[in-house]
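Heads up: the structure comes next, in structure tokens.
The values are calculated or read from the model by the stated rules, or taken from the named source; none is laboratory data. Small disclaimer: the values here were computed from a predicted structure and weren't measured. Neighbour counts are summed over all protein chains in view; Cβ atoms, including those assigned to glycine, are modelled from backbone coordinates with ideal geometry.
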Amino acid sequence: MDLKKHLAFIKTVESGSLTQAAAILNYTQPNISQMISKLEEEYGFPLLIRQRHGVRPTANGLKVLHIMKEIQKNYEKLSETVDNINGLERGEVRLGTVTSVAVKWLPKILREFNELYPSIKVHLFEGNSTELEEWLKDDRIDAAIGTSHSEKWHFYPLAEDPIVAVMSPQHELAQCETVPLHVMESVKCIVPYPETHFDVLKVLKEEKITPRVAYQIRGDEAIIAMVRNNLGISILPQLLVNDCDVLIKRFDRYVSRQLGILTAHAKETQTPSVQKLIQCIQEWVAVHQASV
């Protein structure tokens, strides 16, 4: 069994390109093409459909892809376990994260993690909740920090993040101590799209509130910039808007989202490197969550 050929096929499918797979794995494009061709010869059927603008797996290719990924993951776990037994703590982790966590938490967490485990490399993938779950499903990441409302994932809670009203100091509600949730129906609102902040719109739906939408925007920075210029108020997770030069007001009823670590497999079955990173994240948040 040649794991290099498996990895070549996995990366080609994930990137949709022989050239990109070659760049990721530090091979030439002909090397990658040759490895996959040899796999096809060994298996007796095509694995890829070669198109003008890239490649995609055949139906049979998809059937063996999942098994190849499991073999690759188990081999990595075996290698890391052997290294750990021999006192060598090294490996790689693919971590997905929502933007607020990437900006507010991860720089400090990764600084501590790198000091503890300098030979474990962490690859970061920033995305929204929908993208994180898609990456977990496709095994593109080992774990994610975000929110989840699906029971298909293993979920390890980290902290509650209040959902708050955000406004300019010049806004008519700036003097209010708290903001009634129902006021979102009467003032101009700048709201995110569902795929970027599912938890925010879930709160409005549960409270049966239909906001008076002035603008609907996908990017967090754009929402905050428009709020800062008093084009409306917004409803966002507090972790995202701390230190953003806008007024943050709690609603008259406490609403929040639950941040946690998501994995497709139980923590105990992950590689030692993934387990170490999860433990580091949990310990850091337990100590610092009151100040973040």
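Quickly run through region 98-156 and pick out the residues that are in contact (Cβ under 8 Å) with a residue 40 or more places away in the chain, within 25 Å of residue 65 (Cα to Cα) and in a strand (DSSP E or B).
The answer is 122, 143, 144, 154.
Any idea which of 73, 63, 38 is under 30 Å from residue 116 (Cα atoms) and in the same structural domain as residue 3 (by TED's automatic domain parsing)?
Every option except 73 fails the conditions.
Return yes when residue 129 is under 17 Å from the mean Cα position of the chain (by Cα) and of a type in the set (S, T, N, Q) and no when it is not.
It is true that residue 129 is under 17 Å from the mean Cα position of the chain (by Cα) and of a type in the set (S, T, N, Q).
Residue-wise test of (1) in the same structural domain as residue 212 (by TED's automatic domain parsing); (2) within 16 Å of residue 277 (Cβ to Cβ).
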{"residue": "123", "(1), (2)": "no, yes"}
{"residue": "134", "(1), (2)": "no, no"}
{"residue": "177", "(1), (2)": "yes, no"}
{"residue": "188", "(1), (2)": "yes, no"}
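Against the definition (without any contact (Cβ under 8 Å) to a residue 12 or more places away in the chain and not polar (S, T, N, Q)), how does residue 67 come out, yes or no?
Numbers: without any contact (Cβ under 8 Å) to a residue 12 or more places away in the chain: yes; not polar (S, T, N, Q): yes.
Taking the combined requirement at face value, the residue satisfies it.
Of the residues 168, 186, which is farther than 18 Å from residue 100 by Cβ, surrounded by 14 or more Cβ atoms within 10 Å (Cβ to Cβ) and in contact with a Lys or Arg (Cβ under 7 Å, 6 or more places away or on another chain)?
Numbers: 186 fails: surrounded by 14 or more Cβ atoms within 10 Å (Cβ to Cβ).
Among 168, 186, only 168 is farther than 18 Å from residue 100 by Cβ, surrounded by 14 or more Cβ atoms within 10 Å (Cβ to Cβ) and in contact with a Lys or Arg (Cβ under 7 Å, 6 or more places away or on another chain).
Being at pLDDT below 95, assigned by TED's automatic domain parsing to the domain that holds residue 166 and among the hydroxyl-bearing types (Ser, Thr, Tyr) narrows it down to one residue among 210, 271; which is it?
210
Among the residues of region 275-289, is any at pLDDT below 90 and surrounded by fewer than 20 Cβ atoms within 10 Å (Cβ to Cβ)?
Looking for residues that are at pLDDT below 90 and surrounded by fewer than 20 Cβ atoms within 10 Å (Cβ to Cβ), one finds at least one in region 275-289, hence yes.
Among the candidates 243, 220, single out the residue that is acidic (Asp, Glu) and either surrounded by fewer than 19 Cβ atoms within 10 Å (Cβ to Cβ) or more than 18 Å from the chain's Cα centre (by Cα) (or both).
Exactly one of 243, 220 is acidic (Asp, Glu) and either surrounded by fewer than 19 Cβ atoms within 10 Å (Cβ to Cβ) or more than 18 Å from the chain's Cα centre (by Cα) (or both), namely 243.
If you scan region 166-198, which residues turn out to be part of a loop (DSSP other than H, G, I, E, B), under 18 Å from residue 240 (Cβ atoms) and modelled with pLDDT of 90 or more?
168
Residues checked against (1) hydrophobic (A, V, I, L, M, F, W, C); (2) assigned by TED's automatic domain parsing to the domain that holds residue 73; (3) surrounded by 14 or more Cβ atoms within 10 Å (Cβ to Cβ); (4) within 25 Å of residue 254 (Cα to Cα):
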residue	(1), (2), (3), (4)
144	yes, no, yes, no
173	yes, no, yes, yes
197	no, no, yes, yes
206	no, no, no, yes
